[in-house]
Amino acid sequence: MEIIVPIALDERVLGLLVSSGLPVEDLRDGVPRLYAGVEDDGHLIGVVAIEVHDGVGLLRSLAVRPDARGAGLSLALIGAGERLVAQAGIARLFLLTTTAAPLFERCGYVETARSEAPDAIRSTQQFSGMCPSSASFMSKRI
Ligand SMILES: CC(C)(COP(=O)(O)OP(=O)(O)OC[C@H]1O[C@@H](n2cnc3c(N)ncnc32)[C@H](O)[C@@H]1OP(=O)(O)O)[C@@H](O)C(=O)NCCC(=O)NCCS
């Protein structure tokens, strides 16, 4: 079983996110983010990030390298992200996804009205930049 560990944002993380089709433009904006990753043979094969905003978190940047998909790594990464959140004293985690809502439902996330979004989440680039009609807004109490 792969071990998921806290990591820092670096070129490997950016490369995996870009090749997975996920946005990276705002990752150097100074917002505090916690990253967890998993390596195989020295190469990063999975990553997840938690943005920390005023007592709530935004889970984003979940990616697994194509050749490592289908082995349950995303579930393990989501679990690792939730542990980081709990350690940071964050009680509720939010996310937006256009492609993976069923995956997050399996992990206990529920569809959430955008009107329930705390101001801190509403002001994130993820929230304001993603089209409301195509993205699911989800949350989970940790
Ligand atoms: C989404 C992603 C992270 C899944 O990674 P993965 O390690 O292959 O996922 P897992 O193996 O942990 O999948 C666990 C289960 O969820 C299912 N699943 C995976 N991705 C899913 C998706 N997008 N939608 C619905 N179900 C999904 C799997 O089929 C698997 O089900 P099973 O246990 O019944 O076989 C990966 O496909 C990826 O990096 N995609 C590109 C980036 C992306 O879209 N990230 C999500 C942004 S919110």
Only one of G108, G79, G89 is at pLDDT 95 or above, closer than 25 Å to G30 by Cα and more than 9 Å from the ligand (Cβ to nearest atom). Can you tell me which? G79
Residues in the range 93-105: is at least one touching a Lys or Arg at 6+ places or on another chain (Cβ under 9 Å), over 13 Å from R60 (Cα atoms) and outside any loop (DSSP other than H, G, I, E, B)? no
Taking the range 35-49 and keeping residues farther than 22 Å from R122 by Cβ, more than 10 Å from the ligand (Cβ to nearest atom) and surrounded by 15 or more Cβ atoms within 10 Å (Cβ to Cβ) leaves Y35, A36, G37, E39, L44
Among the residues of the range 50-75, how many are more than 7 Å from the ligand (Cβ to nearest atom) and in a helix (DSSP H, G or I)? 2
Of all the residues that make up the range 90-142, how many are basic (K, R) and in contact (Cβ under 8 Å) with a residue 24 or more places away in the chain? 4
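Give the number of residues within the range 72-87 that are of a type in the set (A, V, I, L, M), within 15 Å of V38 (Cα to Cα) and open to solvent by 30 Å² or more (accessible area, probe 1.4 Å). Even if it seems obvious, please write down each step before you answer.
At the first step, the residues of the range 72-87 found to be of a type in the set (A, V, I, L, M) are 73, 75-78, 80, 84-86.
Okay, now just the ones that are also within 15 Å of V38 (Cα to Cα), so 73, 75-78, 80, 84.
Still in the list and also open to solvent by 30 Å² or more (accessible area, probe 1.4 Å): 75-76.
Number satisfying all stated conditions: 2.
For residues that are basic (K, R) and open to solvent by 50 Å² or more (accessible area, probe 1.4 Å), scanning just the range 11-34, find the one that is modelled with the highest pLDDT.
Filtering the range 11-34 down to residues basic (K, R) leaves 12, 28, 33.
Those left that are additionally open to solvent by 50 Å² or more (accessible area, probe 1.4 Å): 12, 28.
On the way: R12: 97, R28: 91.
Ranking the qualifying residues of the range 11-34, first place goes to R12.
The values are calculated or read from the model by the stated rules, or taken from the named source; none is laboratory data. Quick caveat: nothing in here was measured; it's all calculated off a predicted structure. Note that we place each Cβ from the backbone using ideal geometry, even for glycine, and neighbour counts take in every protein chain shown. Please note that ligands, DNA and RNA were not included when accessible areas were found on the heavy atoms of the full protein model with its side chains. Shrake-Rupley method; radii C 1.70, N 1.55, O 1.52, S 1.80 Å.
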